[in-house]
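Scroll down for the structure; my scribbles are underneath it.
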Amino acid sequence: MKKRYADGIVPKETLSARAEIASQLKAARMSVNLTQQSLAELCGTKKSNISRMESGRYNPSLDFLVKVAGSMGKEVSIKVE
């Protein structure tokens, strides 16, 4: 598997953004009273993918984020500051 970062170390800014997205996804899931398993079924993925995404250990694609959000009746909004 090709490494995204030559030295294998993910920059702090990236980790921070992942943590924020993970936190928002978990809060959204909980706000609609879904378990990780039920969300995974709605998205057509595995529970482990939802778990890894919520923990920040998984770098989901934008398409997957949109799919997950849509499964919860939510939308993805990206803001560059």
Taking region 56-74 and the residues there that are in a loop (DSSP other than H, G, I, E, B) and modelled with pLDDT under 95, the one that is nearest to Arg18 (Cα to Cα) would be Gly56
Within region 8-39, the residues that are of a type in the set (Lys, Arg), within 19 Å of Ser61 (Cβ to Cβ) and either modelled with pLDDT of 90 or more or over 11 Å from the mean Cα position of the chain (by Cα) (or both) are Lys26, Arg29
Are any residues in region 32-55 closer than 17 Å to Arg18 by Cα and of a type in the set (A, V, I, L, M, F, W, C), and if so, which ones? Ile50, Met53
Complete set of residues in region 38-66 that are loosely packed, with under 15 Cβ neighbours inside 10 Å and among the aromatic types (Phe, Trp, Tyr): none
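The values are calculated or read from the model by the stated rules, or taken from the named source; none is laboratory data. Given the structure is predicted, the values throughout are model-derived calculations rather than measurements. Cβ coordinates were reconstructed from backbone atoms using ideal geometry, including for glycine residues, and neighbour counts include every protein chain displayed.
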